[in-house]
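Novice: Shown below is the structure under consideration.
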Amino acid sequence: IPKPCYIVLIINVSDDPETEVLERQLLEDKTADVVRLEEDDGGLTRTWNMGIEKCKSAGCDVVILSNHDLYVESSISHLVSAAKRCPTESLYYFGPVTNNPGPAAGNQFQGSKHALNVDPHVLQNHNNRLINLNGFLMCFPMRILNKNMFDSEHYFNPRLEYAGNETEWFDRFTAKGGLPILVPRTYVHHY
């Protein structure tokens with residue numbers, strides 16, 4: 001990820017040894033924070049809302065939400081660059097291509113075995129219907145998250161703890177004229 005950057009690792013009730021190693025490494029890094037939740041109260045959506053708020057407090061202009069089951073390479077820089085170049089008047093959020101885009105038919109439009117030399121474009125199906133980006137990894141300009149808040153405290157609906165959270169966000173976003181942007185030059189291995 002281009003420097004400077006800020007990393008927040010939110011561990012939501014885990015005793016995984018690899019996570020403990022990562023936690024120790026990040027605790028030594030002055031540009032990272034670790035939050036360990038001992039009870040699963042609010043699920044994935046709570047971690048997203050908490051992480052976004054920590055990034056906002058740290059002055060981040062771009063936020064990536066990333067699940068734990070990913071392998072990310074240097075091509076992630078294309079995703080960050082696309083978000084940083086997002087025109088002020090545009091309502092865009094961004095996602096990569098991946099080997100495992102998810103079960104929904106629309107998710108297959110994010111599928112690829114590698115990064116592609118294709119410019120970022122609106123993610124839509126063959127009938128020009130917009131498709132929400134899979135929540136395993138999404139990238140947002142901070143101002144977009146602020147414009148599409150669920151309420152005065154939350155970016156994502158806290159009642160949707162594990163399922164439907166990115167879809168509900170997408171529905172609110174597209175109702176405001178927002179668009180999902182696929183960045184094919186960024187490949188993320190999702191396992």
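Novice: Can you confirm whether region 105-120 contains a residue that is free of Cβ contacts under 8 Å to residues at least 24 places away in the same chain, out of contact with any Ser or Thr (no Cβ under 6 Å at 6 or more places or on another chain), assigned to a strand (DSSP E or B) and surrounded by fewer than 22 Cβ atoms within 10 Å (Cβ to Cβ)?
Specialist: Taking every residue of region 105-120 in turn, at least one turns out to be free of Cβ contacts under 8 Å to residues at least 24 places away in the same chain, out of contact with any Ser or Thr (no Cβ under 6 Å at 6 or more places or on another chain), assigned to a strand (DSSP E or B) and surrounded by fewer than 22 Cβ atoms within 10 Å (Cβ to Cβ).
Novice: If you take just the helices (runs of 4 or more DSSP H) that sit entirely in region 4-97, which of them hold at least 2 residues that are closer than 21 Å to Q110 by Cβ and either open to solvent by less than 40 Å² (accessible area, probe 1.4 Å) or not aromatic (F, W, Y) (or both)?
Specialist: Numbers: elements: 17-27, 43-57, 76-84.
Result: 43-57, 76-84.
Novice: List every residue pair whose Cβ atoms lie under 7 Å apart, where the two residues are 6 or more positions apart in sequence or sit on different chains, the first residue falls within region 156-177 and is touching a residue at least 60 places away in the same chain (Cβ under 8 Å), and the second residue, located anywhere, is open to solvent by 50 Å² or more (accessible area, probe 1.4 Å) and not in a loop (DSSP other than H, G, I, E, B).
Specialist: Cβ pairs passing all conditions: P158/R46.
Novice: I've got another one for you. Report the residue count in region 169-191 for those that are surrounded by 23 or more Cβ atoms within 10 Å (Cβ to Cβ), under 17 Å from N117 (Cβ atoms) and out of contact with any strand residue (DSSP E or B) (no Cβ under 8 Å at 6 or more places or on another chain).
Specialist: So the count comes out to 0.
Novice: Further question: When you go through V34, V72, V63 one by one, which is the residue that is of a type in the set (V, I, T), under 22 Å from F156 (Cβ atoms) and in contact with a Leu (Cβ under 6 Å, 6 or more places away or on another chain)? Let's see the steps before the verdict.
Specialist: On the way: V72 fails: in contact with a Leu (Cβ under 6 Å, 6 or more places away or on another chain); V63 fails: in contact with a Leu (Cβ under 6 Å, 6 or more places away or on another chain).
Only one candidate passes the filter, namely V34.
Novice: Any chance region 148-161 includes a residue that's within 16 Å of A83 (Cβ to Cβ) and not hydroxyl-bearing (S, T, Y)?
Specialist: Going residue by residue through region 148-161, those that are within 16 Å of A83 (Cβ to Cβ) are 148, 155.
Pick out the ones that are also not hydroxyl-bearing (S, T, Y) and you get 148.
There is at least one residue in region 148-161 that is within 16 Å of A83 (Cβ to Cβ) and not hydroxyl-bearing (S, T, Y).
Novice: Look through region 135-157, keep the residues that are open to solvent by less than 20 Å² (accessible area, probe 1.4 Å) and part of a loop (DSSP other than H, G, I, E, B), and return whichever of them is farthest from H78 (Cα to Cα). Spell out how you get there, then give the answer.
Specialist: Initial filter on region 135-157 (open to solvent by less than 20 Å² (accessible area, probe 1.4 Å)): 135-142, 144-145, 148, 155-157.
So of that shortlist, the ones also part of a loop (DSSP other than H, G, I, E, B) come out as 135-136, 148, 155-157.
Details: G135: 18, F136: 17, N148: 24, Y155: 24, F156: 25, N157: 28 Å.
Looking at residues that are open to solvent by less than 20 Å² (accessible area, probe 1.4 Å) and part of a loop (DSSP other than H, G, I, E, B), I get N157.
The values are calculated or read from the model by the stated rules, or taken from the named source; none is laboratory data. From a predicted model like this one, the values you see are computed outputs, not experimental measurements. So basically every Cβ, Gly included, is an ideal-geometry build from the backbone, and we count neighbours across all protein chains shown. We work out accessible area using only protein heavy atoms, side chains counted, and drop any ligands, DNA or RNA first. Shrake-Rupley method; radii C 1.70, N 1.55, O 1.52, S 1.80 Å.
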